[in-house]
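One structure below.
The values are calculated or read from the model by the stated rules, or taken from the named source; none is laboratory data. Please read these numbers as outputs of a predicted model, since none were measured by experiment. Note that we place each Cβ from the backbone using ideal geometry, even for glycine, and neighbour counts take in every protein chain shown.
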Amino acid sequence: MKKIIFTLLALFPTMTYAQDKNDCVDAVTAHKGMAEQYGEKPFVDLNEKGVRQLIIYANMATGTWTVFAFNPQQNQLCAITAGKDFKPAESRFDPKL
């Protein structure tokens with residue numbers, strides 16, 4: 001779990017990049033599209049003191065996932081990255097975790 005959190009925190013600076021690239025879609029449209037096209041649903045919702053928000057969508061059956069930055073001023077989800085093989089994090093550094 002810590003690995004996921006550290007990885008997500010590293011993505012916060014890319015939020016502006018995603019929004020600048022215009023990879024943003026109305027939040028309701030994006031939410032519906034992720035469910036219909038990929039079977040992905042919100043899995044993790046991270047807030048940074050109400051300033052920035054990351055939402056990870058995932059399909060546990062297929063392993064697909066997408067990370068979005070949420071832009072509350074424009075009610076948009078901005079795609080940051082996506083991939084396959086979504087699964088719980090395993091620690092490579094401390095087998096006790």
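For the range 73-97: of the residues being surrounded by 12 or more Cβ atoms within 10 Å (Cβ to Cβ) and of a type outside the set (S, T, N, Q), which is modelled with the lowest pLDDT?
Across the range 73-97, the extreme among qualifying residues is A89.
Is it true that some residue in the range 8-21 is modelled with pLDDT of 70 or more and loosely packed, with under 14 Cβ neighbours inside 10 Å?
Filtering the range 8-21 down to residues modelled with pLDDT of 70 or more leaves none.
Checked the range 8-21: no residue is modelled with pLDDT of 70 or more and loosely packed, with under 14 Cβ neighbours inside 10 Å.
How many residues does the range 36-93 contain that are acidic (D, E), under 12 Å from the mean Cα position of the chain (by Cα) and in a strand (DSSP E or B)? Steps first, answer last, please.
Within the range 36-93, the subset acidic (D, E) is 36, 40, 45, 48, 85, 90.
Narrowing further to those that are under 12 Å from the mean Cα position of the chain (by Cα): 40, 45.
Those left that are additionally in a strand (DSSP E or B): 45.
Of the residues in the range 36-93, 1 are acidic (D, E), under 12 Å from the mean Cα position of the chain (by Cα) and in a strand (DSSP E or B).
Counting just the residues of the range 22-35 that are of a type outside the set (A, V, I, L, M, F, W, C) and in a helix (DSSP H, G or I), which one comes out nearest to the chain's Cα centre (by Cα)? I'd like the intermediate steps shown before the answer.
Applying the first criterion (of a type outside the set (A, V, I, L, M, F, W, C)) to the range 22-35 yields 22-23, 26, 29, 31-33.
Still in the running and in a helix (DSSP H, G or I): 29, 31-33.
On the way: T29: 16, H31: 12, K32: 15, G33: 15 Å.
Across the range 22-35, the extreme among qualifying residues is H31.
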